[in-house]
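The structure under discussion appears below in the form of structure tokens.
The values are calculated or read from the model by the stated rules, or taken from the named source; none is laboratory data. Because the structure is predicted, anything quoted here is derived from the model rather than measured. Cβ coordinates were reconstructed from backbone atoms using ideal geometry, including for glycine residues, and neighbour counts include every protein chain displayed.
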């Protein structure tokens, strides 16, 4: 094989590799862009729009104004924000506290506590026993039924313990000699040194709470407590069109009746994705690094 | 000198002036001293421990419901394995068990290898910017909920306006309703799983590739290896432990065919094709109120799952020295 030949062959290889990856990018992103385009299109033109379209036809904010004016969507958004923020603060606090204690190598009973945590990963009794526990605790129809579940995620706990264990022992001893108590050492020495790990699990918990729909659906009977994912499910998957348009909007807003459900579905899906897209740059920064180093440590 | 002899020797030599060894301190006092030194740490762990007891250990006790007849008023009646007998006699449960195994197996065969190829391909992209762009696009679906993904798939697979049928029609195929046809719904499950996870999972393999010693590539190049030979003889052997570990752990999760996914992609027309143990438990338990039967089904799944996870982990550790715990 001559050199010229091999270069041409390599160039062909490179083209095939890059184009197949770009095709994958298109398959991943196009359906989302299509929905985004439809949600911003003029309603009259939506029925004629192809699933391939990624540019809005005409331009109209009708779908977005209608959805944002919908009381169910508003409440859903607030509920989601409340559950996500409260949940994540509690998650990170208690995971960090427990991880700090368990990362002390000489803590008496450390092994037993590890087994105690790991056993919960291995065996899951299932949905119904869980339901009865929530019921017996009197948490049915309270936000706590949703927030407290996975208060401490065993996997993230283990990740955090591994990171805490890497804080040099001399630093901890120095802090203790200076009279810092266990809490002060955690706050002033350990946490600042493990910020990337902490940010990673914070994002993990945020995404988890934002995406959760099953528990709110099961445990919150009162639909005014439903987060956005449950509202999305009701509107788009169960096809509840009337509450999606909303009676109030129907009478106040002339064009409401004409807006296609396809456009409303698209808008509702995009609205639910929006917060994830907003934190996505952070996710990429921390998650990829965390996962990369996690995999390397193995 | 054996241990006993050592002890004997030390006892004899110390006879008369026995130092107070740590062992001589009564356990109560030792325990008290330890507690005094460590109590802030135990205090910090208390909320976490209570959480695990209440939300993970209390449900194990509650699972006794599988061996009882549930009563709204009064105590439940112990009935032994009655509900398990009902379960194993019912064709519906076997259909659900079969679906669980079939869907898991399909995911293993068709979804599991994809991230490996993606990682190998991404590693061949020379431009860092292009690589970052591709990665940030294909990681995204991993962070979307299954409700959202089901919405996206319903739109994309719509017979009248979905992108798949639009392309199909341009190529001369008649439009199909993929979401409601029993012949295609399992492939929808497999493909949506791929769409969501393949990109993100490639990250693990990519990290493993990055960890391969660059000298190995240099050496291969010196020996005249081309790109494919380097992939086959350097990259693949380099990531084999990662592939093995993830494969074994996937086997461990075989009973988890994916509740959220199936639950959101389901509709009445194709339920019998993709109903899995988890969705079955939800339906007969929370929707039909057959709590004991549903608990029995959930417990059956939990026990098989536990055996698989422990076995997978043990094998993984033996084989590669790597484990999760």
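Per the conditions (1) modelled with pLDDT of 90 or more; (2) within 25 Å of residue B:203 (Cα to Cα); (3) surrounded by 14 or more Cβ atoms within 10 Å (Cβ to Cβ), the sole criterion not satisfied by residue A:284 is (1). Determine whether region A:73-88 contains at least one residue that is at pLDDT below 95 and buried (at least 20 other Cβ atoms within 10 Å of the Cβ). Looking through region A:73-88, at least one residue is at pLDDT below 95 and buried (at least 20 other Cβ atoms within 10 Å of the Cβ). Condition (residue is surrounded by 18 or more Cβ atoms within 10 Å (Cβ to Cβ), at the interface with chain A (Cβ under 9 Å from one of its Cβ atoms), at pLDDT below 95 and under 16 Å from the mean Cα position of the chain (by Cα)) applied to region B:238-250: is it met by at least one residue? Yes, some residue in region B:238-250 is surrounded by 18 or more Cβ atoms within 10 Å (Cβ to Cβ), at the interface with chain A (Cβ under 9 Å from one of its Cβ atoms), at pLDDT below 95 and under 16 Å from the mean Cα position of the chain (by Cα).
The criterion of at least 1 residues that are farther than 14 Å from residue A:98 by Cα, facing chain B (nearest Cβ under 7 Å) and in contact (Cβ under 8 Å) with a residue 60 or more places away in the chain is met, among helices (runs of 4 or more DSSP H) falling completely within region A:121-201, by A:127-136.
For region B:103-124, the count of residues that are within 9 Å of another protein chain (Cβ to nearest Cβ) and under 22 Å from residue A:270 (Cβ atoms) is zero. Residue selection: residue A:133 satisfies the criterion of being within 30 Å of residue B:66 (Cβ to Cβ) and in contact with a helix residue (DSSP H, G or I) (Cβ under 8 Å, 6 or more places away or on another chain).
For residue B:269, the conditions (1) in contact with a helix residue (DSSP H, G or I) (Cβ under 8 Å, 6 or more places away or on another chain); (2) within 12 Å of another protein chain (Cβ to nearest Cβ); (3) part of a loop (DSSP other than H, G, I, E, B) all hold with the exception of (2).
Being surrounded by fewer than 20 Cβ atoms within 10 Å (Cβ to Cβ) and either assigned to a helix (DSSP H, G or I) or assigned by the TED database to the domain that holds residue B:72 (or both) is the filter here, so list the residues in region B:285-301 that pass it. If the condition is that a residue be surrounded by fewer than 20 Cβ atoms within 10 Å (Cβ to Cβ) and either assigned to a helix (DSSP H, G or I) or assigned by the TED database to the domain that holds residue B:72 (or both), then B:286, B:287 are the ones that fit.
Scanning region B:29-78 for residues that are in contact with a helix residue (DSSP H, G or I) (Cβ under 8 Å, 6 or more places away or on another chain), modelled with pLDDT under 85, more than 23 Å from residue A:127 (Cβ to Cβ) and surrounded by 12 or more Cβ atoms within 10 Å (Cβ to Cβ) returns a single hit, B:30.
Determine which member of the set A:164, A:114 is surrounded by fewer than 20 Cβ atoms within 10 Å (Cβ to Cβ) and touching a helix residue (DSSP H, G or I) at 6+ places or on another chain (Cβ under 9 Å). Step by step, each of A:164, A:114 is checked, and only A:114 is surrounded by fewer than 20 Cβ atoms within 10 Å (Cβ to Cβ) and touching a helix residue (DSSP H, G or I) at 6+ places or on another chain (Cβ under 9 Å).
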